[in-house]
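Every number in this text was worked out from the coordinates using simple rules, so none of it is lab data. In this text the structure is predicted, and so the values were computed from the model without any measurement. With ideal geometry, Cβ positions are generated from the backbone for all residues, glycine too; neighbour counts draw on all protein chains shown.
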Amino acid sequence: MRPLAVDLVLLRSTAPDLPLVVGRVLAARVLERHGQHGVINLAGAFLTAELPDEVQPGDRLRLVVQEMRGDRAVLALAQEPPSGPQVPPALAEPPAGDRVVVLASDGEGGADGERAQVVTVRFEGKTIGTVELRVALDDSLVHALAAFSDGAPLELARGRAGTLRDALAAAASRPAEVEVVARPNPLDVYV
Amino acid sequence: MSDAGALQPALPADVPPALRAAVSAALDWLRDLDQEADAAGEASDLRRPR
């Protein structure tokens with residue numbers, strides 16, 4: 001896939017909170033394909049792009065922000081779409097960053113009884129402090145529950161909840177629900 | 001922005017790709033939130049005792 005130049009005005013009008021920083025990986029979904037080109041959904045914006053031969057409607061793409069040029073952002077494919085049921089683990093891992101610990105994962109009634117459908121992690125932010133995050137997935141919905149310290153971190157997170165909802169919907173290719181709540185006690189682990 | 005003791009999460013192999021992607025997106029959001037708060041110079045107001 002050739003790098004895709006995206007109109008920043010269009011993208012920011014559709015997704016004003018989308019973080020457009022060089023190196024950032026964004027999730028997109030292929031909606032249509034016509035010859036070498038197709039329409040992708042990137043954070044709610046519908047964009048035309050040249051697509052690799054193997055990409056089909058419904059595939060999910062991960063696009064990395066390569067460059068910012070004036071009113072254009074240049075995006076490139078971060079990975080090929082999965083050819084099988086599994087995304088290569090190395091590419092699918094959450095990126096390294098601040099302290100992140102996986103607390104639990106389980107298959108709460110997963111359809112196949114084998115795969116985990118819920119993941120709970122603890123994020124240690126330098127400024128926002130400890131956040132317990134629970135992400136649950138079923139066939140029709142992805143749901144996130146994020147528990148923040150009461151006060152400024154909680155207020156900030158509530159103000160940005162829509163951004164998380166959009167990102168989850170794009171990443172999981174299904175509607176998303178987000179709850180931002182106060183942690184009952186800084187020492188509690190929300191699972 | 002990583003702390004010296006930063007941990008990289010390793011999700012279990014049986015986590016479905018869509019859930020894996022969702023967790024990754026949520027962590028990106030948290031990092032952006034943390035950076036935004038930090039950039040706004042609100043560290044002293046936001047930080048809470050652990």
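Packing-wise, with mean Cβ within 10 Å as the measure, how do A:32-42, A:149-159 rank, highest first?
Working: A:32-42: 15.5, A:149-159: 18.2.
In descending order of packing, they fall as A:149-159, A:32-42.
If neighbour count is taken as other Cβ atoms inside 10 Å, put A:THR48, A:THR120, A:THR127 in order from fewest to most. Spell out each step's value before the answer.
On the way: A:THR48 13, A:THR120 20, A:THR127 25.
Ordered from fewest to most neighbouring Cβ atoms within 10 Å, A:THR48, A:THR120, A:THR127 come out as A:THR48, A:THR120, A:THR127.
Using the alpha carbon gyration tensor of the range A:4-79, what are the three equivalent-ellipsoid semi-axes (square root of 5 times each eigenvalue), largest first, in whole Å? Before the final figure, lay out the partial values.
Working: eigenvalues 77, 32, 25 Å².
Listed largest to smallest, the semi-axes of the range A:4-79 are 20, 13, 11 Å.
Rounded to the nearest 0.05, what FRET efficiency do A:GLN56 and A:GLU179 have when you use their Cβ-Cβ distance and R0 = 41 Å? It would help to have the intermediate numbers written out before the result.
Working: r = 34 Å, r/R0 = 0.82.
For R0 = 41 Å, the calculated efficiency reads 0.75.
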